[in-house]
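**Student:** Handing you this structure, nothing more for now.
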């Protein structure tokens, strides 16, 4: 049993703005929107102001979240609205690719400064005292990874099922892959999948700085960055996926067809390389010559080299767009965002669009999008 | 070897366990049947200023007499121990060559306080303790990066066991372990894989995680006698007890298990889920989502509620969960041959709430319940709660005829997953 799966709704927010129209310039290598001072020496692509009330009408709900959950919940609402699927949420299946929510940066810094001056035997009890009195209970929920999905259920009523994948770029590709596979085999007719990433966050910059691959200093084009070429970008993208039969039965317009999505994780050493992994994945897709390539190249050196090697071995592909050049790298939001841009690409006339995802550290994913 | 919906039947051929009751299936299960509590006073870190000072703790051999590992390292280590036991028991594949995907239920992980404090002590010219100073000290620490990435634990386990494809790490709060099994079941039913390695692992007994749960008023504060603190379904229950551990199941299509002559330990007959849209930490008072998940699992197994012989409870010991679970039990099993419904007991009364591991740990215990035809008890059942008219197998294990078990997992954030497990055919 395998039914065709369509993308019938897109909820997209990037530094360029909200919605697919605002983001079409990405396909032409449009200029980036940057914030270079706030998180120096790391440039980031900031998020636009969101009119949260339009998608998260209750202020109480907004207060229960921090920016990451608000962003994702907002984009999920845009996707449902775009698919005209508000009435279908009770049976809609949900797969979210999640990072973690925001920490209390001020509290972290104050505690770290205080504890750094104490002998180890005093630091432990002091940590307890400061956390127990300083942490806000609601912040725990705002930080929990699965509570982005929880908030999407609460705010938008999506309750068919709810799963949250963790694992950076791979988590997002597998979220879409499994959501689509379940539809294709007849487990439900409609699903929502995607992720969100806030780039301007010291806690996430701490994690990525540890990798040594964050780009420092003024923003530069991908080709001009060194091995440490990763620039983070804020984005969120949720896709409404639907079986063709389900969409046709309710008269919904398909934006594009998801013709295939495949994922793998090579060990990235020796013969088990990311380039070979991606080449094997490409062989499983009904790829034809001339397919536009919507590349998720993040700027991290080793992954960039692997993707270049892969594309060099891919015969007859069409033009390549590096979306992170304009938008930055948005981790769990990157692959869904590029799927949305692939839909825009086939709408604009590309015969097929191939989405690539090479995780900064691990994970290879490809998806093929076709016009309806 | 297909089920009532024409899908491949899913068998369990290997089980591995790490719990506060012991390392391995034998020790954990013997402790559970004996009604032994694995809850103790926290010794891993100082407990001054904490409202709750007890937990279920698994002390790894490499931690004895040394600083404890951070959560991601503990999660990985316990997951690996459980998976080694499960894979060895199943006899599947070859060393570092497991013929299927990995589904890993685990908690979110991040840079923890021991690292933050160490970085802050280094100074580095920036204001001490500031994120800029932490970043200056952390830059280029690849091992820390790989440890704290969400995909890091899964990648290392995938390499160690040689699982196929991208490992999938997931969280659905307290239903996480059950979700990892459900994903494995679906992959086999879909024909994507002949086998799957499904793990639930938890290692979050550390100060910040404990304080966060404490601030939600979710934890028991019965610190005086730790073994008596976890009291699911009992009148004086006052919250759950945080705990840790791991469980791994090797799933295979029954057909491939039979073809290679593997011993089948049991079947996963069905899985059901339903999300709740009511509140971040509470179920809708109408019980709709938990009732829906229980019914969906039973229907997915092609069964009627009357065919369920025993329920492995979510049974956290919070006033709210146990009330709602009782409500769900009455609704789903109102017509059951037994007027109280099937017996239901909570493993958490002994091992505490192993959070991301719980759904997998309890699925493993459900299979052992069927294997030995013996129901583990709900301990600390001193004063029954008149609002809970259930047979909770109070205090002492007992023999029973058990062919089919419903295992409940209900999560914060409204993510509810139930599994139906059955005897080997």
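**Student:** Scan the range B:128-138 for residues that are within 7 Å of chain A (Cβ to nearest Cβ) and surrounded by fewer than 20 Cβ atoms within 10 Å (Cβ to Cβ) and jot them down.
**Tutor:** Here is the first cut: in the range B:128-138, the residues within 7 Å of chain A (Cβ to nearest Cβ) are B:128-131, B:134-135, B:138.
Matches in the range B:128-138: B:130 only.
**Student:** Among A:268, A:304, which is on the phi > 0 side of the Ramachandran plot and touching a residue at least 12 places away in the same chain (Cβ under 8 Å)? Reasoning before the result, please.
**Tutor:** Numbers: A:304 fails: on the phi > 0 side of the Ramachandran plot.
Checking each option against the conditions leaves just A:268.
**Student:** Report yes if residue B:155 is assigned to a helix (DSSP H, G or I), out of contact with any strand residue (DSSP E or B) (no Cβ under 7 Å at 6 or more places or on another chain), in the same structural domain as residue B:225 (by TED's automatic domain parsing) and modelled with pLDDT under 95, otherwise no. Walk me through it before giving the result.
**Tutor:** Details: assigned to a helix (DSSP H, G or I): yes; out of contact with any strand residue (DSSP E or B) (no Cβ under 7 Å at 6 or more places or on another chain): yes; in the same structural domain as residue B:225 (by TED's automatic domain parsing): yes; modelled with pLDDT under 95: no.
No; evaluated as a whole, the condition is false for this residue.
**Student:** Would you mention how many residues in the range B:158-179 are outside any strand (DSSP E or B) and within 7 Å of chain A (Cβ to nearest Cβ)?
**Tutor:** So the first thing to find is which residues in the range B:158-179 are outside any strand (DSSP E or B), and the list is B:158-167, B:171, B:173, B:175-179.
Narrowing the set further to residues that are within 7 Å of chain A (Cβ to nearest Cβ) leaves B:158-159, B:165-167, B:171, B:173, B:179.
Residues in the range B:158-179 being outside any strand (DSSP E or B) and within 7 Å of chain A (Cβ to nearest Cβ): 8 in total.
**Student:** Would you call residue B:52 out of contact with any helix residue (DSSP H, G or I) (no Cβ under 8 Å at 6 or more places or on another chain) and modelled with pLDDT of 95 or more? Give the steps one after another, and end with the answer.
**Tutor:** Working: out of contact with any helix residue (DSSP H, G or I) (no Cβ under 8 Å at 6 or more places or on another chain): no; modelled with pLDDT of 95 or more: yes.
Taking the combined requirement at face value, the residue does not satisfy it.
**Student:** Within the range A:50-65, can you find the residues that are out of contact with any strand residue (DSSP E or B) (no Cβ under 8 Å at 6 or more places or on another chain) and either away from chain B (no Cβ under 13 Å) or in a helix (DSSP H, G or I) (or both)? Reasoning before the result, please.
**Tutor:** Start the filter on the range A:50-65 by keeping residues that are out of contact with any strand residue (DSSP E or B) (no Cβ under 8 Å at 6 or more places or on another chain), which leaves A:51-65.
Scanning the range A:50-65 gives A:51, A:52, A:53, A:54, A:55, A:56, A:57, A:59, A:60, A:61, A:62, A:63.
**Student:** Can you tell me which residue among B:75, B:109 is touching a strand residue (DSSP E or B) at 6+ places or on another chain (Cβ under 9 Å), within 11 Å of chain A (Cβ to nearest Cβ) and surrounded by 23 or more Cβ atoms within 10 Å (Cβ to Cβ)?
**Tutor:** Details: B:75 fails: within 11 Å of chain A (Cβ to nearest Cβ).
Criteria check complete, one pass: B:109.
**Student:** Please give the helices (runs of 4 or more DSSP H) falling wholly within the range A:73-147 in which 1 or more residues are at pLDDT below 95 and at the interface with another protein chain (Cβ under 7 Å from one of its Cβ atoms).
**Tutor:** By residue number, A:105-116, A:137-143.
**Student:** Hey, among B:277, B:283, B:256, which residue is buried (at least 23 other Cβ atoms within 10 Å of the Cβ) and either closer than 30 Å to residue B:42 by Cβ or more than 20 Å from the chain's Cα centre (by Cα) (or both)? Quick ask: steps written out before the conclusion?
**Tutor:** Details: B:277 fails: buried (at least 23 other Cβ atoms within 10 Å of the Cβ); B:256 fails: buried (at least 23 other Cβ atoms within 10 Å of the Cβ).
Matching residue, one of B:277, B:283, B:256: B:283.
**Student:** Since residue A:158 meets every condition but one in (1) surrounded by 24 or more Cβ atoms within 10 Å (Cβ to Cβ); (2) part of a helix (DSSP H, G or I); (3) in contact with a helix residue (DSSP H, G or I) (Cβ under 9 Å, 6 or more places away or on another chain), which condition does it not meet?
**Tutor:** Of everything listed in (1) surrounded by 24 or more Cβ atoms within 10 Å (Cβ to Cβ); (2) part of a helix (DSSP H, G or I); (3) in contact with a helix residue (DSSP H, G or I) (Cβ under 9 Å, 6 or more places away or on another chain), residue A:158 misses just condition (2).
**Student:** Let me spell it out: the conditions are (1) more than 16 Å from residue B:185 (Cα to Cα); (2) buried (at least 20 other Cβ atoms within 10 Å of the Cβ), and residue B:303 meets all of them except one. Which number is the exception?
**Tutor:** So the condition that residue B:303 fails would be (2).
**Student:** While we're looking at this one, here's another question. Could you list all residues from the range B:193-235 that are without any contact (Cβ under 8 Å) to a residue 40 or more places away in the chain and assigned to a loop (DSSP other than H, G, I, E, B)?
**Tutor:** B:217, B:224, B:225 - these are the residues of the range B:193-235 that are without any contact (Cβ under 8 Å) to a residue 40 or more places away in the chain and assigned to a loop (DSSP other than H, G, I, E, B).
**Student:** Could you count how many residues in the range A:345-361 are within 14 Å of another protein chain (Cβ to nearest Cβ) and within 15 Å of the chain's Cα centre (by Cα)? Step through it out loud before you land on a result.
**Tutor:** Within the range A:345-361, the first condition is being within 14 Å of another protein chain (Cβ to nearest Cβ), and the residues that meet it are A:357-361.
Cutting the leftovers down to within 15 Å of the chain's Cα centre (by Cα) gives us A:357-360.
Here the count works out to 4.
**Student:** Further, regarding this structure: For residue B:116, work out the one condition from (1) under 28 Å from residue A:278 (Cα atoms); (2) within 11 Å of chain A (Cβ to nearest Cβ); (3) in a helix (DSSP H, G or I) it doesn't fulfil.
**Tutor:** Only one criterion is unmet by residue B:116, namely (1).
The values are calculated or read from the model by the stated rules, or taken from the named source; none is laboratory data. Worth saying up front: this structure is predicted, and the values here are computed from it rather than measured. Positions of Cβ are generated from backbone atoms using ideal geometry, with glycine treated the same way; all protein chains shown enter the neighbour counts.
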